[in-house]
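What follows is a short report on a single structure.
The values are calculated or read from the model by the stated rules, or taken from the named source; none is laboratory data. Note that this is a predicted model, so its numbers are computed, not measured. As a convention, Cβ positions derive from the backbone with ideal geometry for all residues, glycine included, and neighbour counts pool all protein chains shown. Accessible surface is based on the protein model in full, side chains and every heavy atom, while ligands, DNA and RNA are left aside. Shrake-Rupley method; radii C 1.70, N 1.55, O 1.52, S 1.80 Å.
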Amino acid sequence: MKLYLLLRSLPSLLFVLFLLLLQSCHPGGKPGSPNALLEAAARNQFAGYWYQGEAEVNSYRLEQLRYGEMREGEAVFVFVTEDLSRSKQVKLDQPDKAGNRKVTVLKLNHLRRFVTGIYDYSLMSSVFTPVDTRRHPHSLKTTTTVQDWCGHAFTQLNLKGNRYLVRNFSYFESFGDQRDRIPAALLEDELWNRIRLGPENIPSGEVEVVPGTFFARLLHKEIKPQKAVLSLETKEGIGRLSLKYTGLSRELEIRFDPSFPYKILGWTELDGGKVLTRGTLLESVKSPYWQQNALKFEQLRDSLQIRH
């Protein structure tokens, strides 16, 4: 395993050494400095992967605790870059004409499906995180829907200045048609995007985090920032992002490839020390999936091991 990791990282190491040699012609903090060269290389690497007109589609084997029993299901993560309207926080129809209203984001569509007895659940969240996290330190928007045979619930967070506007709609009386404002904080839902944008930029130590919206909706929890501890480590070739809340009995571990493009390998959620959700990567493909909607493309679902 150690030899494999060394060989896998050799091209990157040689490239970094090449950049450091180049900087000898540009002393000090000028554009040719090591930091500037490395940042430029990282931007080019990111663009070469994410700005080619394709999405990255990942399928996972899902284990989901519901009504006291563990259910088997499937999850799909779709990562793609889009141009969002800064004010309306929706995808721009004509981004080339939007000027400074345009914000490029990494979007994650996170879907889960599982069965409880005779009926099934379908969950989906969409998270929009600006690629330029220096200028835009908070995700602009997240939306979540939970559907089952009883009805469906919908949650949306929109960034407004230094606060999030939170709106909840549900068929349950106590959770329906709510509207609130909470301080802008790191969203648990955006951690997946933060890893893809560069795990080294994720804060560590004690931070304010808004718990995941799937967790909030399924367990009927209030959506508000909570104190938590974040930590990152790489062990045996796998990166691990650990999130532990200090005021909730909730923990989340996300496992990822520590090399670019930092693919999500799986995750585990704990509630009260018990596994609430576990996901394990099955397949990952790059695809312009929105163009593959004819019947002849249904066979592509087999390559992702998607049953439903």
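Helix 2-22 and the longest principal axis of the C-alpha atoms of the chain enclose an angle of approximately 50°. Dipole of the stretch 174-281 computed with +1 at Lys/Arg Cβ and -1 at Asp/Glu Cβ about the Cα centre; of LEU230, LEU252, PHE175, farthest Cα towards the positive end is PHE175.
Once both axes come from the Cα atoms, what is the angle between helix 34-50 and the longest principal axis of the chain, in degrees from 0 to 90, rounded to 10? Computed tilt is about 50 degrees. Note that the stretch 204-216 has calculated 3J(HN,Hα) couplings of 10, x, 7, 9, 8, 10, 8, x, x, 6, 4, 4, 5 Hz, one per residue in order, obtained from phi through the Karplus relation 6.51 cos²θ - 1.76 cosθ + 1.60 (θ = phi - 60°); glycine and proline are x.
Over the Cα atoms of the chain, the radius of gyration divided by the Kirkwood radius equals 0.97; this is the Rg/Rh ratio. In this structure ARG101 has an accessible area near 110 Å², from a 1.4 Å probe over the protein heavy atoms.
Cross-link pairs exceeding 20 Å between alpha carbons, from the set LYS235/LYS263; LYS141/LYS224; LYS107/LYS286; LYS141/LYS286; LYS107/LYS274: LYS141/LYS286; LYS107/LYS274.
Looking at the stretch 121-225, the accessible area is 45 square angstrom per residue; that uses a 1.4 Å probe and ignores ligands, DNA and RNA.
Filter the trypsin sites (Lys or Arg not before Pro) in the stretch 40-78 to those in DSSP coil with at most 14 other Cβ atoms within 10 Å of their Cβ, and list the result. It would help to have the intermediate numbers written out before the result.
Numbers: sites: ARG43, ARG61, ARG66, ARG71; in loops: none.
Taking the stretch 40-78 and a limit of 14 other Cβ atoms within 10 Å, no loop trypsin sites (Lys or Arg not before Pro) are found.
Placing unit charges on the Cβ atoms only, positive for Lys and Arg and negative for Asp and Glu, gives the stretch 81-183 a dipole magnitude near 600 debye about its Cα centre.
A simple count of charges around GLU72, restricted to other residues whose Cβ falls under 14 Å of its Cβ and scoring Lys, Arg +1 and Asp, Glu -1, yields +3.
Placing +1 on the Cβ of every Lys and Arg and -1 on the Cβ of every Asp and Glu, with no other charges, gives the chain a dipole of roughly 680 debye about its Cα centre.
Each residue of the stretch 284-300 was assigned a 3J(HN,Hα) from its phi angle through the Karplus curve 6.51 cos²θ - 1.76 cosθ + 1.60 (θ = phi - 60°); the sequence is 9, 9, 9, 7, x, 4, 5, 9, 10, 10, 7, 4, 5, 8, 4, 5, 5 Hz, with glycine and proline shown as x.
Ordering ASN100, TRP149, PHE114 by the projection of their Cα atoms onto the charge dipole of the stretch 81-191, which places +1 on the Cβ of Lys and Arg and -1 on the Cβ of Asp and Glu, puts ASN100 at the extreme positive end.
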